[in-house]
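In what follows, a single structure is set out as structure tokens and then discussed.
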Amino acid sequence: MIDRRSPCPPGAPQAFVLDSGLRSGAENNALDRAWLRMHAAGLKPALLRFWRSHPSASIGAFQAIDRELRLEYCERRGIECVRRPSGGGALYLDAAQLGVSLVCPRPFVAAGAGLEAMLARFCRGIASGLRTLGADTRFKAPNDLEIDGRKLACTFASHDGGAVLLMAIVLLDADIRTMLEALRVPTEKLSADGLAAARHRLATLTEVLGFAPVYTAVRQALEAGLSTELALALEPAHEDILIGSIRAEDLAEESRIARGIAWPRDGALESLWRGRGSTLHCRGGVADGRFRDVRFAGDFHLAPPQAVSALEQAVAHAPLAAASERIEQVYRSYAIDSPGIGPADFAHALRALADQDALRAELGLSDAEASTLMLCGEAQPGAGERLRAAQVMLVPYCAKPVWCKWRTRDGCPECGLCAIGEAYRLGRSRGMQVTTVTNYEHLLQCLGRMREQGVKAYVGMCCGNFFRKRFHAFRDAGMDAVLLDIAGANCYELKQEDEAYAGRFQAQAKIDAGVLAKVIAPIAPVAEDRPASRRDERRGRRTPRS
């Protein structure tokens, strides 16, 4: 029943509303997908559907499933893996979250506007409803709803011609442990046990209100908020309206769709780029000066969805110099709508892939080794010049042994008992300033100081998860960087990100000294000009602590 305290004006657009109850992830996605398609064809009316899901790991329309989910864990725990019709990032869903799906004509939401404006208006309607319950929720662009800086809900969008699908997930409560185990996506702040800081980042309606809200009251509040914000008249419908919407083969097709973007971890290069609001992965290779087998994936929103395949085909055999213009052409011909990411971001990801390939050939790296290189900056004319201009080497404290008294200090005695000592030696041999980064704030300080000193390029090391999450720090520094992905135990896999950022991470990551030696080979060596006695003093052996 709609809260009639917020009636719509006479003649307002009309949509049916119903609660479809608890269903499988595949069934909920199939209903959204089918209703959007049939509404676009004029076969179904506008519909606001509330729903809940059996345990499911849900990825966005354009994400590579094996990069986002711990598939073995999901299979072992009986967690269904599904792919939404909308863009966005990976989620864990269960009965403790309330799903909202609105399928309607685009003019109902924002006539002539793009996905970004539609998401904003939909978010305002959801927030308005939640505030009537006592949750002082605010919209955070591009698609989140927060209370006191903590995420309470997220929204997603897609459209098919004149029809739009808007989705929201509201956290009534949350199983944080299962969420962290099912999703491979690094969480913003994780404590030592993987729970406390994640709870701090997320808010649930139960926690905010101080009691478990009545489900029907939440639903009615959201109906009223959306009805008022969208000036939409809602007419209650019976669940029979869904009969015939999906078939058994549609549910079977959901499994194929979920694994439609699956990337094996060998046989190709992979690059990463972060746009204003989305992460973009690029996979492929280069042969005879042309791209080959290019694939794009990420947590972005993009419409029409078939344009991603068009982008891949446009650059699949394109000369390196022509790729950027071909991307622009596809954007124009498809009138692509992609908030938070644009043609320049796709071009950046492709250039990073080309630079990886150039370094692979120049440095004698394997594809796997080249894929561990993460590139950032505006280097011209290419990756080799980026390296030859490097003046600084940044090494992570977490790759030093846990027993080393220099672990959380800048500097290294070069005792020969770990690869960091070899990194210091290699850096010094090239006249590079070598610095141990002791925490995240220290990284920002180092990058700021380097920029002030006019440093053009540097070599560094970090895990791929950190690069993805803190990409803006490297990009905004305004310097060219070649970063090596460190292996072994890292704070994201061990759920100790808070400790790592503060410089208290207690496990040890690893750098590949062999790859590092190849990477800095283009940098001209310098003669050792320090007295041997001083060098010997710095290299005094240290005995590991028991």
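The values are calculated or read from the model by the stated rules, or taken from the named source; none is laboratory data. Quantities reported herein were computed from a predicted structural model and do not represent experimental measurements. No Cβ is skipped: glycine too gets one built from the backbone with ideal geometry, and neighbour counts run over all protein chains shown. What goes into the accessible areas is simple: the full protein's heavy atoms, side chains included, and nothing from ligands, DNA or RNA. Shrake-Rupley method; radii C 1.70, N 1.55, O 1.52, S 1.80 Å.
A compact table of results
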{"item": "Count - residues of the range 260-297 that are closer than 17 Å to Gly60 by Cα, out of contact with any Leu (no Cβ under 9 Å at 6 or more places or on another chain) and among the basic types (Lys, Arg)", "result": "1"}
{"item": "The range 122-144, residues that are under 23 Å from Asn29 (Cβ atoms) and within 23 Å of the chain's Cα centre (by Cα)", "result": "Phe122, Cys123, Pro142, Asn143, Asp144"}
{"item": "Which listed residue, of Ile169, Ile147, is under 18 Å from the mean Cα position of the chain (by Cα), under 14 Å from Ala203 (Cβ atoms) and among the β-branched types (Val, Ile, Thr)", "result": "Ile169"}
{"item": "Answer from Leu69, Leu98, Leu102 - the residue that is at pLDDT below 95 and open to solvent by less than 10 Å² (accessible area, probe 1.4 Å)", "result": "Leu69"}
{"item": "Those residues of the range 159-181 which are at pLDDT 90 or above and part of a strand (DSSP E or B), in sequence order", "result": "Ala163, Val164, Leu165, Leu166, Met167, Ala168, Ile169, Val170, Leu171"}
{"item": "Pairs with Cβ under 8 Å, 6+ apart, first in the range 400-425 and among the β-branched types (Val, Ile, Thr), second assigned to a helix (DSSP H, G or I)", "result": "Thr408/Tyr397; Ile420/Ala399"}
{"item": "Residue match in the range 404-419 (condition: of a type in the set (A, V, I, L, M, F, W, C), buried (at least 17 other Cβ atoms within 10 Å of the Cβ) and closer than 26 Å to Ser371 by Cα)", "result": "yes"}
{"item": "Odd one out for Ile79, checked against (1) modelled with pLDDT of 95 or more; (2) aliphatic (A, V, I, L, M); (3) out of contact with any Phe, Trp or Tyr (no Cβ under 8 Å at 6 or more places or on another chain)", "result": "(3)"}
{"item": "Total residues in the range 105-143, condition more than 16 Å from Val170 (Cα to Cα), outside any helix (DSSP H, G or I) and at pLDDT 90 or above", "result": "1"}
{"item": "Strands (runs of 3 or more DSSP E) (entirely within the range 409-487) containing at least 3 residues that are closer than 24 Å to Gly275 by Cβ and either of a type in the set (Val, Ile, Thr) or modelled with pLDDT of 90 or more (or both)", "result": "457-462, 480-485"}
{"item": "Filter result for the condition that a residue is of a type in the set (Val, Ile, Thr) and either touching a strand residue (DSSP E or B) at 6+ places or on another chain (Cβ under 8 Å) or part of a helix (DSSP H, G or I) (or both), over Ile241, Ile246", "result": "Ile241"}
{"item": "Residue count for the range 219-233, restricted to those that are part of a helix (DSSP H, G or I) and either open to solvent by 70 Å² or more (accessible area, probe 1.4 Å) or more than 20 Å from Arg131 (Cα to Cα) (or both)", "result": "1"}
{"item": "Hits in the range 316-338 (condition: in contact with a Gly (Cβ under 9 Å, 6 or more places away or on another chain), surrounded by 15 or more Cβ atoms within 10 Å (Cβ to Cβ) and not charged (D, E, K, R))", "result": "Ala316, Leu320, Tyr331, Ile336, Ser338"}
{"item": "Subset of the range 22-62 (residues that are in a strand (DSSP E or B) and either without any contact (Cβ under 8 Å) to a residue 24 or more places away in the chain or farther than 16 Å from Leu102 by Cα (or both))", "result": "Leu22, Arg23, Ser53, Ser56, Ala57, Ser58, Ile59"}
{"item": "Restricting the range 234-250 to residues that are more than 15 Å from Val103 (Cα to Cα) and of a type in the set (A, V, I, L, M, F, W, C), the residue that is most open to solvent (accessible area, probe 1.4 Å)", "result": "Ile243"}
{"item": "Qualifying positions in the range 92-129 - of a type in the set (Ser, Thr, Tyr) and touching a Lys or Arg at 6+ places or on another chain (Cβ under 9 Å)", "result": "Ser101"}
{"item": "Number of positions in the range 249-282 that are in contact with a strand residue (DSSP E or B) (Cβ under 9 Å, 6 or more places away or on another chain) and either closer than 25 Å to Ser338 by Cα or not in a helix (DSSP H, G or I) (or both)", "result": "21"}
{"item": "Pairs where the first residue, in the range 243-265, is in contact (Cβ under 8 Å) with a residue 12 or more places away in the chain and within 19 Å of Cys74 (Cα to Cα) and the second is in a loop (DSSP other than H, G, I, E, B) and of a type in the set (Gly, Ala, Ser), C-beta under 6 Å, 6+ apart", "result": "Ile261/Ala64; Trp263/Ala64"}
{"item": "Wholly enclosed helices (runs of 4 or more DSSP H) of the range 323-382 bearing at least 3 residues without any contact (Cβ under 8 Å) to a residue 40 or more places away in the chain", "result": "323-334, 343-363"}
{"item": "In the range 298-315, the residues that are within 16 Å of Ser271 (Cβ to Cβ), of a type in the set (A, V, I, L, M, F, W, C) and out of contact with any helix residue (DSSP H, G or I) (no Cβ under 7 Å at 6 or more places or on another chain)", "result": "Phe300"}
